[in-house]
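Heads up: the structure comes next, in C-alpha cells.
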Ligand SMILES: [Mg+2]
C-alpha cells in the first residue's frame with residue numbers, strides 16, 4: 001500500500017518520469033504489489049477447477065505461500081494476521097477468528113478473478129459464496145469481505161457487458177442478499193457479522209445517491225470540478241477514517257468511480273484510480289482488471305505491461321480461467 005498525504009506528488013513525479021509512456025513496469029524498479037501476488041494466489045487455486053472445501057483449502061494454501069513473497073510489497077495488517085492463522089489441509093483450517101478490525105481492502109484487492117471463474121448471471125451464487133469464504137480467510141468483518149464480493153461481481157459484470165451505471169445497484173440488490181444468506185447458512189461468526197453488516201451497505205447507498213445512481217440509471221451526477229485535488233477530497237469522504245481506498249467498501253467504490261469517469265481512456269483511468277493520495281495500488285488493481293476486460297490493451301503503452309513481473313503466471317492462469325468459464 002502506498003501512503004501519501006496528497007496526490008499532487010504522484011502527478012508531479014509521473015511528469016518527472018516522462019508520463020505513463022515512459023513507465024517500464026518491470027523489475028527491479030516496479031515489482032507487482034502485494035495485491036497482485038495474492039490475486040494470483042486466488043486465481044491459481046480457481047484455475048485448478050476445484051470446488052467447495054477442496055478449493056478453499058487450495059486458496060488458503062496459496063495465501064500462505066504468497067505471504068512468503070512479500071519482500072518490499074507491503075501487505076496490509078489483516079492479511080498478515082489472517083494468513084498467519086490459516087492451516088490449509090486441516091479440517092476447518094481456512095477459518096480464522098473473527099476480527100472486528102478486519103475491514104481493510106485486502107480481500108477486495110485479490111478477488112477479481114472470482115468473477116472470471118464465474119462470469120455468467122446464473123453463476124452468481126457461486127461467485128458470491130467463493131468471494132465470501134475466501135474473503136473471510138483474512139477479513140471476517142463484512143466491510144472487508146463484502147469488498148471481495150464487489151470486486152468479483154464487477155468483473156463478472158464487465159464480462160457480461162452490463163452498463164457500469166448498474167453495477168452498484170446490482171451489488172446491493174443482487175449480490176449482498178446472497179452473501180447474507182451464505183453467512184447465515186455456514187454458521188461461522190453469524191452474530192458478529194450481522195452486528196457489523198450495515199456499514200458497507202449504508203456507505204454504498206450513500207455513494208450511489210451521491211452519483212445519482214440509486215436506481216441504476218444514468219447519467220452520472222459529477223461535481224462541477226473533479227480534478228485530482230477534488231477527487232482526493234471526495235475519496236476521503238468515501239473512506240472509513242480518512243485513508244482513501246484502504247477498506248473493503250471504498251477500494252471497489254473508488255475503482256467504480258474511476259471506471260465511470262474514465263471511459264476508454266487509459267491515462268484518465270490511471271489518474272483517477274492509480275494516482276491519488278490513498279491506497280492507490282488497491283484501487284488501481286480493481287479498476288484496471290475491469291477496464292482490461294472492457295477495453296483490452298487499447299491505448300496502453302506497451303512498456304506498462306510488456307515485461308511485468310509474473311506476466312507468464314498471470315497469462316497462463318487467465319487462459320485456464322477462460323477455458324473453465326467457457
Ligand atoms: Mg497493496
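Under the classification rounded if a/c is under 1.5, otherwise prolate if a/b is larger than b/c and oblate if not, where does segment 178-226 fall, given a ≥ b ≥ c as square roots of the Cα gyration tensor eigenvalues?
On the way: a/c = 5.29, a/b = 2.76, b/c = 1.92.
Judged from the Cα gyration tensor, segment 178-226 comes out prolate (a/c at least 1.5, a/b above b/c).
Sorting check: for 136-142, 163-169, 317-323, which peptide has the highest mean count of neighbouring beta carbons within 10 Å, and how do the rest follow?
Values: 136-142: 29.6, 163-169: 18.4, 317-323: 15.7.
Ranked from most to least packed, the peptides come out as 136-142, 163-169, 317-323.
Which FRET efficiency value, to the nearest 0.05, do you get for residue 173 and residue 98 by plugging their Cβ-Cβ distance into 1/(1 + (r/R0)^6) with R0 = 22 Å? Please report the intermediate quantities before stating the final value.
Working: r = 27 Å, r/R0 = 1.22.
Efficiency, rounded to the nearest 0.05: 0.25.
For segment 33-324, what is the relative contact order in percent, using Cα pairs closer than 8 Å and at least 6 residues apart in sequence?
On the way: 482 pairs, mean separation 55.9, N = 292.
After rounding, I find 19 percent.
Semi-axes of the equivalent ellipsoid for the chain, please: Cα gyration tensor eigenvalues, times 5, square-rooted, ordered largest first, whole Å.
On the way: eigenvalues 151, 105, 73 Å².
Taking √(5λ) for each Cα gyration eigenvalue gives 28, 23, 19 Å.
Please give the length that would be gained between residue 84 and residue 297 if that part of the chain were fully extended, namely 0.36 nm times their separation in residues minus their C-alpha to C-alpha distance (nm, one decimal). Before the final figure, lay out the partial values.
Values: separation 213, 0.36 × 213 = 76.68 nm, distance 3.67 nm.
Stretched out fully, the residue 84 to residue 297 stretch lengthens by 73.0 nm.
Separation between the residue 51 and residue 24 pseudo-spin-labels, each 7 Å from Cα along Cα→Cβ, expressed in nm?
Placing both labels 7 Å along Cα→Cβ, they lie 4.7 nm apart.
With n ≥ 4 as the cut-off for DSSP H runs, can you work out [θ] at 222 nm for the chain, using -39500 (n - 2.57) per run divided by the number of residues, rounded to the nearest 500? Intermediate values should be presented prior to the final figure.
Working: 16 runs with 177 residues, N = 326.
Taking each H run of at least 4 residues, the total per residue is -16500 deg cm²/dmol.
Taking the mean number of other Cβ atoms within 10 Å as a proxy for protection, how do you rank 189-198, 172-181 from highest to lowest? All intermediate terms of the calculation are to be shown ahead of the outcome.
Details: 189-198: 15.2, 172-181: 17.4.
By packing density, highest mean first, the sequence is 172-181, 189-198.
Relative to a virtual label point 7 Å from the Cα of residue 306 in the Cα→beta-carbon direction, which members of segment 20-35 show backbone nitrogen distances below 12 Å?
Residues 22-26 qualify, since their backbone N sits under 12 Å from the label point.
For the modelled label position 7 Å from the Cα of residue 268 along Cα-to-Cβ, which residues of segment 280-298 have backbone nitrogen atoms closer than 18 Å?
284, 287-298
Evaluate E = 1/(1 + (r/R0)^6) for residue 221 and residue 325, where r is the Cβ-Cβ distance and R0 equals 25 Å; express this FRET efficiency to the nearest 0.05. Before the final figure, lay out the partial values.
Values: r = 34 Å, r/R0 = 1.38.
Here the calculated transfer efficiency is 0.15.
Hey, quick one: spin label on residue 206, modelled 7 Å out along Cα-Cβ, who in segment 226-245 has an amide N within reach, i.e. under 16 Å?
Counting only backbone N, you get 233-245.
Which of 286, 80 has the fewest other C-beta atoms within 10 Å, and how do the rest follow up to the most?
Numbers: 286 32, 80 14.
Fewest-to-most ranking of 286, 80: 80, 286.
Taken together, the values in this text are just the output of simple stated rules run on the coordinates, not laboratory data. These figures come from a predicted structure and were not determined experimentally. Heads up, the Cβs are rebuilt from the backbone with ideal geometry, glycines too, and the neighbour counts pull from every protein chain shown.
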